[in-house]
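Structure first, then comments.
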Amino acid sequence: MCITTENNDQNTPLFYHGTKADLSPGDLIVPGFNSNYGKQNKAKYVYFTATLDAAIWGAELALGDSPGRIYVVTPTGPFEDDPNLTDKKFPGNPTKSYRTAQALLVTGEITEWEGHTAEQLKHMHDNLKRLKELGIEAIED
């Protein structure tokens, strides 16, 4: 894996944001854009993770035709566990997924990563379609 970012203090966890947006170091990822999930309403939060696997899912499942991108980000304000995953799907927070109402600062990009298999992607897309049919939306309270 190649990280194009400044050297990271080993005591500071890296946070990632998977998307299809073309961003550069110094850019801010802010709430208010249409969500990639559910009814695609304006998102009240920006989501990020401390695991590369969860960021890969974000990059692969984001809407759009552009290639998936994974950015190294720094939260600029307080954040909380993502309630869409924590204790709803996975007890605790094993995916280390978070959300914030503040901006994320892009500090770098993971330029080499391996995506999920076609079978895994189909399974995830099928699950997301099933949830949509059931009317289950992302928690945005």
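Any read-out appearing in this document is the output of simple, stated calculations on the displayed coordinates, not a laboratory observation. None of the values given here were measured: they were computed from a predicted structure. We place every Cβ from the backbone using ideal geometry, glycine too, and count neighbours over all the protein chains shown.
Rounded if a/c is under 1.5, else prolate if a/b is larger than b/c, else oblate: which is the stretch 13-133, with a ≥ b ≥ c the root eigenvalues of its Cα gyration tensor?
rounded
At Ala118 and Lys42, where each label point lies 7 Å from the Cα along Cα→Cβ, what is the point-to-point distance in nanometres?
Computed distance between label sites Ala118 and Lys42 equals 4.0 nm.
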